[in-house]
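Take a look at the structure set out below.
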Amino acid sequence: MQNDYFQPLDATVIPRFAGHSTFMRLPAVPSAEGLDIALVGIPWDGGTTNRPGARHGPREIRNQSSLMRRVHHVSGIEPFSIANVADVGDVSVNPIDLPDALRRIETGIAGIVSHGALPLAAGGDHLTTLAVLRAVAREGRVGMIHFDAHSDTNDTYFGDNPYTHGTPFRRAVEEGLLDPRRTVQIGIRGSIYDPAEHDWAREQGIRIIYMEEFVGRGPADVMQEARAIVGDEPTYVTFDIDSIDPSMAPGTGTPELGGFTTREAQQMIRLLDGLYIVGADVVEVSPPFDVANMTALAGATMMFELLCVMARQVNARRSAVANSRSPGRSMARSSS
């Protein structure tokens, strides 16, 4: 174990219901300096068009994340031993001014990125991801793996309003943040406003995998295609909790029947292992509509799954850099 890495509180010493509430019981730190992965909250839902409440998501996800332990039971990954991770708090938001809120979120995430840390965010509604992408993709477009019931590529709502949680990825493509040909959306389902609602996304090259196709193919086959689409280039992962069936995640703003099971969602995130992930989020957890905290627990669990994959990536890249600098490797290169 790396003794200089932050560690979560031990629930066998301090009960989960005691102490300050932080993501996965990690220390709360003022900035991402020295971190490999920064866990951050985005308590804002100014883009919501149906049921509000996702602004309360980060706080309740923090509470439920006390149930996360140190070791992934399937992969054996110990994220806190191979990457330096901490809770950097919440970014600044403005609940009454949408453009200003997006600027504040972008600034907060940019601060994380400037320290060389990967942001792993808890939202907030899905419009928050647009602001995160503005910070993460400043040096070039990224690909994206998007788990959701909705494509979120609509143009405008309520007249000519271009910014809602149903429009972030259309704006991201238009702003040159997102490479549509390296973008895949998984789990899309439910009734739509117009027969041509998804035409724009398809025309840009976005791969939409509807829930019915997912059911026919299964997680492993779908994720094999998703990995091929994003390739080895920088990729963002966004997980809308409404991709999970509302029988297992009822606390969300726009629930859609017929979604993933939590087990399927976990399996798919595990199959992200080895990709070049530059950031990730879990969004649309709305505690006011939750039942027995099950949606917040699902959100915390998906964050832990993402953390494990990201931590292994950090460790692998660190090892690769160390090996490239080792004297033995330098001698081998010079003698070849």
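The values are calculated or read from the model by the stated rules, or taken from the named source; none is laboratory data. Keep in mind it's a predicted model, so treat the numbers as computed, not measured. Ideal geometry is used to build each Cβ from the backbone, glycine not excepted, and the neighbour counts take in all protein chains shown. Side chains included, ligands, DNA and RNA excluded: accessible areas come from the protein's heavy atoms. Shrake-Rupley method; radii C 1.70, N 1.55, O 1.52, S 1.80 Å.
Amide H to amide H, with H built 1.01 Å from N, MET144 comes under 5 Å of THR183, VAL184, TYR236, counting only residues 5 or more places away or on other chains. What does the C-alpha gyration tensor say about the overall shape of segment 84-243? Classify as rounded when a/c is under 1.5, otherwise prolate if a/b is larger than b/c, or oblate. In terms of gyration-tensor shape, oblate. In the context of the full set of protein chains, segment 240-304 has a per residue accessible area of 31 Å² (1.4 Å probe). Most simply put, the chain has about 5% antiparallel DSSP beta bridges, counting only bridges with both residues inside it.
Taking VAL88, VAL278, VAL13 as the candidate residues, the one with maximal mean-square fluctuation in a Gaussian network model of the chain, Cα springs under 10 Å, is VAL13.
Relative contact order of segment 265-317: what whole-number percent is it, with Cα pairs under 8 angstrom and at least 6 residues apart? So the answer I get is 51 percent.
In summary, the helical segments of the chain meeting the span-like criteria, namely a full DSSP H run, a Cα extent along the axis of 27 angstrom or more and a mean Kyte-Doolittle hydropathy of at least 0.0, are 294-325. Here is how the number arises for the chain: DSSP H runs of 4 or more residues each give -39500 (n - 2.57), the sum is divided by the residue count, and the result at 222 nm is -11000 deg cm²/dmol.
Once you reduce segment 203-247 and segment 39-110 to the center of their Cα atoms, the two points are 22 Å from each other.
Counting Lys and Arg as +1 and Asp and Glu as -1, what is the net charge of the other residues whose Cβ lies under 14 Å from the Cβ of ARG59?
Net charge around ARG59: -3.
Over segment 92-206, Cα pairs under 8 Å with separation of 6+ residues give a relative contact order of 24 percent.
To put it simply, the accessible area of segment 215-285 at a 1.4 Å probe is 52 percent carbon and sulfur. A value for volume of the Cα convex hull per residue in Å³ was derived from the coordinates, and within the list (i) 189; (ii) 145; (iii) 133 it appears as (ii).
Looking at segment 90-157, the accessible area is 33 square angstrom per residue; that uses a 1.4 Å probe and ignores ligands, DNA and RNA.
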